[in-house]
1. Mind pulling the angle between the C-alpha long axis of helix 10-23 and the longest principal axis of the chain? Nearest 10 degrees, somewhere in 0 to 90.
2. Taking 1 over the mean of 1/r across every pair of different Cα atoms in the chain, what Kirkwood radius in Å do you get?
3. Each label point is 7 Å from the Cα along the Cα-to-Cβ direction; what then is the distance between the points at H92 and Y10, in nm?
4. Defining a contact as two alpha carbons under 8 Å apart and six or more residues distant in sequence, what relative contact order in percent does the chain show?
5. Please give the per residue accessible area of the stretch 17-103, computed with a probe of 1.4 Å over protein heavy atoms only, in Å².
6. Which value, to two decimals, describes the C-alpha radius of gyration of the stretch 37-88 once divided by 2.2 N^0.38 Å?
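The values are calculated or read from the model by the stated rules, or taken from the named source; none is laboratory data. Worth saying up front: this structure is predicted, and the values here are computed from it rather than measured. Note that each Cβ is placed from the backbone with ideal geometry, even for glycine, and that neighbours are counted across all protein chains shown. Just so you know, the surface numbers come from the protein's heavy atoms only, side chains and all, with ligands and any DNA or RNA stripped out. Shrake-Rupley method; radii C 1.70, N 1.55, O 1.52, S 1.80 Å.
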Amino acid sequence: MNDQGRVPAYLDEIRVLMDEVIAAGHPAAPAAEIMAALHDHLETEEFATSLYLLWGLLGESEWHHERAADAAREWLALDHDDRAAVRQYYDHWLYDVCGYQRP
């Protein structure tokens, strides 16, 4: 969600890519596409950086590849209007699952 209280339009593109992650045997290519789709939104959309970091992590190691489809399914099920739920999703996946260091 952005500062104007609306779900950003780029999320529609990301939804398609999340379906590709689920269908892919190896998520590296769809993860790279997700990151590319987010590139122009990193400074303007609240959760774009978290999504970018998450898919950078999920696309880079074999252990994370096993979890990528789960992360995609959970992301697709999120109510992206619910900022607290979206924040909780990123906290869980970035810090609890992927082991990214909390700030």
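1. Tilt of helix 10-23: around 20 degrees.
2. With all distinct Cα pairs of the chain included, I get 13.5 Å.
3. Result: 2.4 nm between the two label points.
4. 29
5. 54
6. Compactness ratio reported: 1.18.
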